[in-house]
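**Q** One structure coming up, written as structure tokens, with questions to follow.
The values are calculated or read from the model by the stated rules, or taken from the named source; none is laboratory data. Treat the numbers as computed from the prediction; the structure is a model and nothing was measured. When we count neighbours, we look across all protein chains shown, and the Cβ atoms used for this are built from the backbone with ideal geometry, even at glycine. With ligands, DNA and RNA removed, areas are computed over all heavy atoms of the protein, side chains included. Shrake-Rupley method; radii C 1.70, N 1.55, O 1.52, S 1.80 Å.
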Number of protein chains: 2
Amino acid sequence: MRQTGPERVKKIRGDVTLKDIAEVVGKSVAAVSRALNDHDDIGEETRAYIKQVAREMGYIPNPMAQRLRKQSTDTLGLILPVFSPKSFDPYFSELLAGIANEAGQHGFDLLVSTCVPGPAEIQAYTRLMNGRRIDGMVVTRPRWNDERVAVLYEKEFPFVVIGDCNPAQEVPCVTDDAGFGARLVVEHLVQLGHEKIALINTPRELVFSTNFYIGFRDALHRAGLPVQEDFIIEADFSQKEGYRAAQTLLSRPDTPTAIVTADDIIALGAMAAAQDQGFQIGNDLVVTGYGDSLLSEYSQPPLTTIHRPTYTIGQKACTKLVAFIKGEPVADFREVIEPSLVIRQSSDLALWL
Amino acid sequence: MRQTGPERVKKIRGDVTLKDIAEVVGKSVAAVSRALNDHDDIGEETRAYIKQVAREMGYIPNPMAQRLRKQSTDTLGLILPVFSPKSFDPYFSELLAGIANEAGQHGFDLLVSTCVPGPAEIQAYTRLMNGRRIDGMVVTRPRWNDERVAVLYEKEFPFVVIGDCNPAQEVPCVTDDAGFGARLVVEHLVQLGHEKIALINTPRELVFSTNFYIGFRDALHRAGLPVQEDFIIEADFSQKEGYRAAQTLLSRPDTPTAIVTADDIIALGAMAAAQDQGFQIGNDLVVTGYGDSLLSEYSQPPLTTIHRPTYTIGQKACTKLVAFIKGEPVADFREVIEPSLVIRQSSDLALWL
DNA sequence: ATTATAAACTAAAAGGTTTAAGCTGTCAAG
DNA sequence: CTTGACAGCTTAAACCTTTTAGTTTATAAT
């Protein structure tokens, strides 16, 4: 029954299906399928032959058919918040790179969607979930009482959270330790002799912000410094908001000598505001960031910040999510990565030398 | 035959299929499908009823079944070059945002994959194509004799190119006018009185680089200035490469008074090199970039550059690709967008005032 | 009264894969 | 010689939707 020659090449262009292979090798479609998937109820010889023919014919499985049948998509979902048309946070770029690379390693596709933050957000999530387009979801920047997490959890849809999330919820997550980061920054500033340290925090609905605040507060306590509530202010993730916040802080009668911010992009805004008021950053006033994004290296002056291994976090989160989807045992639900301090000129102009 | 009550609600959780609806309304599966898709051979009343029941039952079509049947995926592919683990070019972030947003508008999903540039690249492309995972592909940073374009073209796979591409190939593309951008920069520098203008160009295999070079050269000619070949040097898209290139330029006996670069990130490297050699950027030496990425605004000093509307380019490219896939007539194959000059302190320190 | 036409549907196939269940033949144990 | 076990297959169903090619019924035209 073995055919060779033209017949076997016939379908070399166009879409070769299991049926085509079955015809050539003279076995059933099921046998071909099972041979290619290495089931053990197909003879050694037959299996080898089928595989060879499949290779020669250039067989590529039709993913849609597989997905329909297996009721799984081998695809992960990631929804990026796009605030303004003009680009988005470099944090997400790095995260995306980590996730996408790792997903590829596991044979998963990555579906990326965007949405403007707000009420439409949850729709974007449910659309991907309900549409059975993806097997699992990556959630970023978790909030207290996060509706996204609630929905995913309730529907028992596999997901992983990137960033600190509500410890009351037992959800798989990979995060940097914001509190530890804040502590590193404050200790650095205390060492430099600062006593009046202000904080521009990210929005309070983020779990991250709370942890950052707690780390900040505790570090001050530990240094024997008071926590002045009017030295603490919130800002969204934007340069503009950072500018506004710093302006407010610096217009007070008693100005701080250091401004800790919970995000690099906010720090950039804060630096701009301070500079506009005549401060020399790194000398009259110290500003620090969080994230160690590309921006912090090239800012003016370069920004002292907390290095968060975003790429690695993306990778680990992806690995965890894939394990989850495959039903493999997941060792540690909550993976915490220690960030590190990167000292640049914005905290110590002497480094210019 | 109309059922109401529990039966209709029975499947409200879990996956409602056409069959379930058909049973409830007492019609055939085909009728339900045709009603929901607004075919005109279903009675007005029936159609309304079916739609209502579908809504009540929370019916969501199974995309995999649709895709298998329709032999299309309603998904676009984008492959991001990831050079180093540490983040990627902000250019791609902005592009991604534009493409993803627009794709969503058209009801398309966006599949994002990454690959390290090099020989593995073409595999990533063929994998997506051959796997029938996507209906169309976005190609970025086209090169002369671009293998990706060749493969896509040869297989008649729908695609759109973002960025200048080989004019000999009749391929759909959306691009900024690099030559025009170069001209704007040179004219600006000439106006500032510069006569010794160097160029750090991007790698010559990119069509962009050639166009940028031609614009640069022509603008010099027009200004009556000579084109000195040893003032022209190439660099990859990295800060490091920009640093190296500028170092080379500035180590020559006759140093330029202005360095034009073909990319912001290269410009940042060039500035760093110049600063390390004691130049005051914007005064002793002028450096310009291309792209107007986030970085350029926050660099030290802020970078005079060419604004490329990357987000918009992403949107337009996506629209074009979708039209192409749907077989709609595409008006202009080649869409060229004029960039504009953004003057910051790196070319004119007086702006500091 | 017959035929043509249109409206409103239905049955079945197709899209490609995987899997549950069943079948055949061989060999060994009883 | 029977029974059982096992290897190595095959058949048919399932996944869910869309489309092709009818079929039925009612109405209009002849």
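**Q** Applying the Karplus parametrisation 6.51 cos²θ - 1.76 cosθ + 1.60 with θ = phi - 60° to the phi angles of region A:301-313, what ³J(HN,Hα) value in whole Hz is obtained for each residue in order, glycine and proline being reported as x?
**A** For region A:301-313, the Karplus curve yields x, x, 9, 5, 7, 9, 7, 10, x, 4, 4, 4, 4 Hz.
**Q** Rounded to the nearest 500, what is the 222 nm mean residue ellipticity of the protein assembly as shown from helices alone, with -39500 (n - 2.57) per DSSP H run of 4+ residues and division by all residues?
**A** Helix contribution divided over all residues of the protein assembly as shown: -13000 deg cm²/dmol.
**Q** Place the label 7 angstrom along Cα→C-beta at B:N37 and in each other copy, then list the distances from the first to the rest in nm, shortest first.
**A** 2.8
**Q** With +1 on each Lys and Arg Cβ and -1 on each Asp and Glu Cβ, and nothing else charged, work out how big the dipole of the protein assembly as shown is about its Cα centre, in Debye to the nearest 20.
**A** With only Lys, Arg, Asp and Glu charged at Cβ, the dipole is about 2540 debye.
**Q** Now for a different question. A:D41 to A:H106: FRET efficiency via 1/(1 + (r/R0)^6), r the Cβ-Cβ distance, R0 22 Å, to the nearest 0.05?
**A** Efficiency, rounded to the nearest 0.05: 0.20.
**Q** With a 1.4 Å probe and every protein chain kept in, tell me what percent of the accessible surface of region A:137-232 is carbon plus sulfur.
**A** C and S fraction of accessible area: 48 percent.
**Q** So, one more: ³J(HN,Hα) across region B:280-297 via Karplus (A = 6.51, B = -1.76, C = 1.60, θ = phi - 60°), whole Hz, x for Gly/Pro?
**A** With coefficients 6.51, -1.76 and 1.60, one gets 9, 5, x, 10, 5, 8, 9, 10, 10, x, 8, x, 6, 6, 3, 4, 5, 6 Hz.
**Q** Let me ask something else. How much length would be gained if the chain were fully extended between A:F83 and A:A168, taking 0.36 nm per residue of separation minus their Cα-Cα distance, in nm to one decimal?
**A** Result for the pair: 27.7 nm of gain on full extension.
**Q** Are there trypsin sites (Lys or Arg not before Pro) in region A:116-191 that DSSP puts in a loop and that have at most 14 other Cβ atoms within 10 Å, and which ones?
**A** Qualifying residues, ordered by number: A:K155.
**Q** Place +1 on the Cβ of every Lys and Arg and -1 on the Cβ of every Asp and Glu in chain A, take the dipole about the Cα centre, and give the residue among A:L192, A:T175, A:H221 whose Cα lies farthest towards its positive end.
**A** Checking the options against the dipole of chain A, the answer is A:T175.
**Q** Let me ask something else about it. Given H placed 1.01 Å from N in the peptide plane, which residues other than close sequence neighbours of A:L341 have an amide H under 5 Å from its amide H?
**A** A:H307
**Q** Could you run the numbers on buried accessible area between B and A, total for both chains, 1.4 angstrom probe, in Å² to the nearest 100?
**A** That pair hides around 4800 Å² of surface in total.
**Q** List the residues of region A:294-328 that lose 20 Å² or more of accessible area once all protein chains are present, compared with their chain alone (1.4 Å probe, heavy atoms only, no ligands or nucleic acids).
**A** A:L294, A:L295, A:Y298, A:Q300, A:Y311
**Q** For chain B, modelled as a Gaussian network with Cα springs under 10 Å, which listed residue fluctuates most, B:D74, B:D230, B:D176?
**A** Per the Cα network of chain B with a 10 Å cutoff, B:D230 tops the list.
**Q** Rounded to the nearest percent, how much of the accessible area of region A:289-353 (1.4 Å probe, protein heavy atoms only) is carbon and sulfur?
**A** On region A:289-353, the fraction of accessible area on carbon and sulfur atoms equals 56 percent.
**Q** How much net charge surrounds A:L285 when only other residues with a Cβ under 14 Å from its Cβ are counted (Lys, Arg +1; Asp, Glu -1)?
**A** It works out to a net charge of -3.
**Q** Could I ask something else about it? Put B:S33, A:S209 in order of accessible area, largest first, 1.4 Å probe: what do you get?
**A** B:S33, A:S209
**Q** Give me, ordered by chain and number, the residues 5 or more places off B:R334 or on other chains with an amide H under 5 Å from its own placed amide H.
**A** B:C173
**Q** Determine how large the accessible area of B:E229 is when every protein chain is in place; take a 1.4 Å probe and give Å² rounded to the nearest 10.
**A** Spelled out: B:E229, probe radius 1.4 Å, area about 120 Å².
**Q** Between copies, how close do the B:R55 label points come, placed 7 Å along Cα→Cβ, listed in nm from shortest?
**A** Copy-to-copy label distances for B:R55: 5.6 nm.
**Q** With a point put 7 Å past each Cα toward its Cβ, work out how far B:Q228 is from B:Q52 in nm, to one decimal.
**A** Here the answer is 8.3 nm between the modelled labels.
**Q** Could you point to the residue in B:L295, B:L76, B:A31 farthest towards the positive end of chain B's charge dipole, with +1 and -1 charges on the Cβ of Lys/Arg and Asp/Glu respectively?
**A** Going by the Cα projections, it comes out as B:A31.
**Q** Across the residues of A:111-119, average count of Cβ atoms on other protein chains within 10 Å?
**A** 4
**Q** Could I ask something else about it? Expressed as a rounded percentage, what relative contact order does chain A have, with Cα pairs under 8 Å and six or more residues apart?
**A** Relative contact order of chain A: 16 percent.
**Q** Could you give, in nm with one decimal, how far A:I337 is from each other copy of that position, shortest first, with labels 7 Å out from Cα toward Cβ?
**A** Inter-copy label distances (nm, one decimal, shortest first): 3.2.
**Q** Can you tell me how the protein assembly as shown classifies by the Cα gyration tensor, rounded, prolate or oblate, using a/c under 1.5 as the rounded cut?
**A** oblate
**Q** Within the set of other residues whose C-beta is less than 10 Å from the C-beta of A:G314, count the net charge using Lys and Arg as +1 and Asp and Glu as -1.
**A** Local net charge: -1.
**Q** Here is a further query. Over chain A, average the accessible area per residue using a 1.4 Å probe and give it in Å², no decimals.
**A** 43
**Q** About the Cα centre, and with charges only on the beta carbon of Lys, Arg (+1) and Asp, Glu (-1), how big is the dipole of region A:205-333? Nearest 20 debye, please.
**A** The calculated dipole for region A:205-333 is roughly 340 debye.
**Q** What are the ³J(HN,Hα) values, in whole Hz, obtained from phi via the Karplus relation 6.51 cos²θ - 1.76 cosθ + 1.60 with θ = phi - 60°, for each residue of region A:109-122 in sequence order, with x given for Gly and Pro?
**A** The phi angles translate into 8, 10, 9, 10, 10, 10, 7, 6, x, x, x, 6, 4, 5 Hz.
**Q** Please list, in chain and number order, the residues 5+ apart from A:L110 or on another chain whose amide H is under 5 Å from its amide H, with Hs placed from the backbone.
**A** Sorted by chain and number, the residues that satisfy this are A:L76, B:V112.
**Q** As an exercise, use a Förster radius of 51 Å and the Cβ-Cβ distance of A:N283 and B:A331 to find the FRET efficiency, rounded to the nearest 0.05.
**A** 0.35
**Q** Anyone know which of B:Y49, B:Y243, B:Y298 comes out most mobile in the 10 Å Cα GNM of chain B?
**A** Checking each option, the largest mean-square fluctuation is seen for B:Y49.
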